[in-house]
Amino acid sequence: MVGEEKTTLRKRLSKSREDSEENEDQRSPSRGSLETASNGRINLKQLMAKKIQLTAEAEELKPFFMKEVGSHFDDFVNSLIEKSASLDNGGCAITSFSVLEGENNHRAKDFRAPPEHGKIFVLRQSLLDELFEVDHIRTIYHMFIALLILFILSTLVVDYIDEGRLVLEFSLLSYAFGKLPIAMWTWCTMFLSTLGVPYFLFQRWARDYSRSTHPLVHSLFHCFLFMVFQIGVLGLGPTYVVLAYTLPPASRCIVILEQIRFVMKAHSFVRENVPRVLNSAKEKSETIPIPTVNQYLYFLFAPTLIYRDNYPRTPTVRWGYVAMQFLQVFGCFFYVYYIFERLCAPLFRNIKQEPFSARVLVLCVFNSILPGVLVLFLTFFAFLHCWLNAFAEMLRFGDRMFYKDWWNSTSYANYYRTWNVVVHDWLYYYAYKDFLWFFTKRFKSAAMLAVFAVSAVVHEYALAICLNFFYPVLFVLFMFFGMAFNFIVNDSRKRPIWNVMMWTSLFAGHGVILCLYSQEWYARQHCPLKNPTFLDYIRPRSWTCRYV
């Protein structure tokens with residue numbers, strides 16, 4: 001592929017040279033007369049014309065170079081990674097399913113590919129860190145900073161006009177992060193339990209597996225204990241705390257998102273190490289491959305959900321870079337605060353007493369598109385770039401590909417793969433590929449449907465607990481529209497118009513999400529029920545509430 005592109009560029013270059021030679025031949029009589037008339041002196045007009053011609057040719061070729069390099073650089077790097085993996089495996093690239101292809105293609109469910117045959121970690125920077133080296137891209141970053149400054153000035157000026165003084169209060173932030181000590185104590189409990197219980201259960205199972213007279217019963221017993229921990233301790237415990245102590249939204253998000261992360265981390269640790277113990281028992285090896293506590297502890301803080309004993313590491317820690325990433329995270333928090341304070345709160349606080357209708361809904365959605373898109377960008381930048389890069393730098397974690405160029409996607413299938421690579425890898429290896437392994441690579445559509453269902457349920461669970469009400473807008477958009485777009489707008493769509501359509505649908509979708517959830521939030525604040533039933537918690541209050 002790279003060779004073909006080089007041939008194409010050579011043809012364009014040769015064609016450009018031929019055109020320039022023809023133009024020079026046509027101009028040669030006049031050039032000869034000019035040179036003769038100048039008595040051997042350099043003709044400035046001729047030099048300027050030549051310079052303009054060469055500049056025009058360079059500008060003509062530059063878009064071809066940029067387009068071809070940009071479209072094939074990722075393929076070239078992925079090809080190198082695959083070749084290096086095949087060399088490590090003795091010249092044979094082993095996939096996760098290759099161990100299942102035994103003699104006569106018999107099913108071999110008791111075999112698993114070793115961890116190193118799954119995701120390959122390599123030293124690489126995050127994409128935005130590379131793009132910010134380009135002045136044109138960094139200017140967009142400066143534009144967002146300028147917009148934040150305008151938001152701050154707008155708030156200060158309006159407060160000064162209304163109140164006659166500067167009102168430097170952050171009541172919305174202080175409310176959202178209220179009862180933060182309870183959230184921190186809950187996090188410490190989750191962390192210590194995740195550090196101790198899964199590691200202890202796995203270590204005990206691994207050491208006694210080969211000596212057990214009933215290895216299946218032994219394995220089922222420890223699997224049952226692990227499931228009790230995952231569902232009972234990590235699943236129900238944090239949920240009970242946030243509901244019983246009525247934590248505010250941001251404090252709830254800290255607990256619930258960390259709960260989901262710990263569940264996924266514990267599953268990855270067990271899923272990656274159990275096959276190694278089983279293979280060691282089959283080979284009757286004297287050494288049992290049990291990771292150390294330090295390796296597991298590093299994994300719990302590492303910005304990845306795929307366990308490995310070792311990861312590529314950078315040589316040093318750039319503490320200035322770490323401080324800058326955390327500073328940008330706090331800046332994004334204040335950015336979101338000013339968006340809600342200046343764009344969202346006035347919109348939903350001043351909803352008049354009028355019936356819930358299509359007109360009200362349409363106006364609300366279109367007024368919510370701008371703040372919804374800004375929140376989307378800020379969430380991506382604050383978490384997937386700044387937060388993960390800060391921890392990666394402190395831990396010298398080398399593989400910084402937490403996302404790809406999702407903004408260039410022309411299909412929803414590519415968008416789902418590139419938006420959040422960290423979560424996508426977990427879903428791909430432990431949900432999608434394990435589903436296909438169980439059904440011997442059949443029912444790919446069913447596997448994709450199962451992955452969508454799991455992702456949609458988890459997203460809706462997080463929103464329902466954080467907002468303290470059930471309103472399945474995100475579930476419907478994700479499970480039905482998102483899944484339909486995934487099959488309809490697939491990877492065969494490559495034209496730029498599909499990128500425009502993807503951005504249009506993303507903007508509209510985030511406007512719908514922000515509008516409906518905000519309406520429901522304010523409706524439940526202004527129209528509380530004295531003795532709510534279970535149906536009152538799941539019935540939309542914004543459809544019937546009337547408030548000034």
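The values are calculated or read from the model by the stated rules, or taken from the named source; none is laboratory data. All values reported here derive from a predicted model rather than from experimental measurement. Glycine also receives a Cβ, built like all others from the backbone with ideal geometry; neighbour counts cover every protein chain displayed. Quick note on the areas: whole protein, heavy atoms, side chains included, nothing else; ligands and nucleic acids left out. Shrake-Rupley method; radii C 1.70, N 1.55, O 1.52, S 1.80 Å.
The table that follows gives values for the structure above.
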{"quantity": "Where a residue in segment 230-241 is within 12 Å of VAL197 (Cβ to Cβ) and its partner, wherever it lies, is assigned to a helix (DSSP H, G or I) and of a type in the set (Val, Ile, Thr), with Cβ under 6 Å and at least six apart", "calculated": "GLN230/VAL263; LEU234/VAL263"}
{"quantity": "Members of segment 216-228 that are without any contact (Cβ under 8 Å) to a residue 24 or more places away in the chain and of a type outside the set (S, T, N, Q)", "calculated": "LEU216, VAL217, HIS218, LEU220, PHE221, HIS222, CYS223, PHE224, MET227, VAL228"}
{"quantity": "Residues of segment 181-203 that turn out to be surrounded by fewer than 16 Cβ atoms within 10 Å (Cβ to Cβ) and touching a Pro at 6+ places or on another chain (Cβ under 9 Å), as a count", "calculated": "1"}
{"quantity": "Residue match in segment 469-478 (condition: farther than 24 Å from PRO540 by Cα, assigned to a helix (DSSP H, G or I) and open to solvent by less than 70 Å² (accessible area, probe 1.4 Å))", "calculated": "no"}
{"quantity": "Pairs, first touching a residue at least 40 places away in the same chain (Cβ under 8 Å) in segment 125-140, second open to solvent by less than 60 Å² (accessible area, probe 1.4 Å) and of a type in the set (D, E, K, R), C-beta under 9 Å, six or more apart", "calculated": "GLN125/ARG400; SER126/ARG400; LEU127/ARG400; LEU127/ASP405; ASP129/ARG400"}
{"quantity": "Conditions (1) more than 15 Å from ILE256 (Cβ to Cβ); (2) of a type in the set (A, V, I, L, M); (3) buried (at least 18 other Cβ atoms within 10 Å of the Cβ); (4) in contact with a Phe, Trp or Tyr (Cβ under 8 Å, 6 or more places away or on another chain): number failed by ALA206", "calculated": "(4)"}
{"quantity": "Condition check for SER174: open to solvent by 50 Å² or more (accessible area, probe 1.4 Å), in contact (Cβ under 8 Å) with a residue 24 or more places away in the chain and more than 16 Å from LEU300 (Cα to Cα)", "calculated": "no"}
{"quantity": "Residues within segment 185-218 that are outside any loop (DSSP other than H, G, I, E, B) and more than 13 Å from VAL277 (Cα to Cα), tallied", "calculated": "20"}
{"quantity": "Selection status of ASP399, over 25 Å from GLN519 (Cβ atoms), surrounded by fewer than 16 Cβ atoms within 10 Å (Cβ to Cβ) and in contact (Cβ under 8 Å) with a residue 24 or more places away in the chain", "calculated": "no"}
{"quantity": "Residues located in segment 269-299, provided they are assigned to a loop (DSSP other than H, G, I, E, B) and closer than 21 Å to PHE226 by Cα", "calculated": "ILE288, PRO289, ILE290, PRO291, THR292"}
{"quantity": "Near pairs, Cβ below 7 angstrom, 6+ apart or cross-chain, from segment 252-269 (at negative phi) to any residue that is open to solvent by 50 Å² or more (accessible area, probe 1.4 Å) and of a type outside the set (Phe, Trp, Tyr)", "calculated": "ILE260/VAL458"}
{"quantity": "Hits in segment 491-548 (condition: over 34 Å from the mean Cα position of the chain (by Cα), of a type in the set (A, V, I, L, M) and part of a helix (DSSP H, G or I))", "calculated": "LEU535"}
{"quantity": "Residue among GLU393, GLU341 that is touching a residue at least 24 places away in the same chain (Cβ under 8 Å), surrounded by 17 or more Cβ atoms within 10 Å (Cβ to Cβ) and either under 18 Å from PHE144 (Cβ atoms) or among the β-branched types (Val, Ile, Thr) (or both)", "calculated": "GLU341"}
{"quantity": "Single residue of LEU374, LEU305, LEU297, LEU361 found to be open to solvent by 40 Å² or more (accessible area, probe 1.4 Å), within 29 Å of MET502 (Cα to Cα) and either touching a residue at least 12 places away in the same chain (Cβ under 8 Å) or not aliphatic (A, V, I, L, M) (or both)", "calculated": "LEU361"}
{"quantity": "Failed item in (1) at pLDDT below 90; (2) in contact with a Cys (Cβ under 7 Å, 6 or more places away or on another chain), with MET483 passing the rest", "calculated": "(2)"}
{"quantity": "Count of segment 185-215 residues which are without any contact (Cβ under 8 Å) to a residue 12 or more places away in the chain and within 30 Å of GLU341 (Cβ to Cβ)", "calculated": "1"}
{"quantity": "Of residues in segment 523-539 being in contact (Cβ under 8 Å) with a residue 24 or more places away in the chain and open to solvent by 40 Å² or more (accessible area, probe 1.4 Å), the one nearest to ILE369 (Cα to Cα)", "calculated": "ILE538"}
{"quantity": "Residues of segment 407-430 classified as touching an Asp or Glu at 6+ places or on another chain (Cβ under 7 Å) and either without any contact (Cβ under 8 Å) to a residue 24 or more places away in the chain or open to solvent by less than 20 Å² (accessible area, probe 1.4 Å) (or both), total", "calculated": "3"}
{"quantity": "Qualifying residue in segment 443-458 (condition: without any contact (Cβ under 8 Å) to a residue 60 or more places away in the chain, more than 20 Å from the chain's Cα centre (by Cα) and crowded, with 19+ Cβ neighbours inside 10 Å)", "calculated": "yes"}
{"quantity": "Options PRO198, PRO215: the member that is in contact with a helix residue (DSSP H, G or I) (Cβ under 7 Å, 6 or more places away or on another chain) and farther than 30 Å from THR246 by Cα", "calculated": "PRO215"}
{"quantity": "Residue satisfying condition, being open to solvent by 50 Å² or more (accessible area, probe 1.4 Å), touching a Ser or Thr at 6+ places or on another chain (Cβ under 6 Å) and either farther than 30 Å from PRO248 by Cβ or acidic (Asp, Glu) (or both), within set LYS433, LYS404", "calculated": "LYS404"}
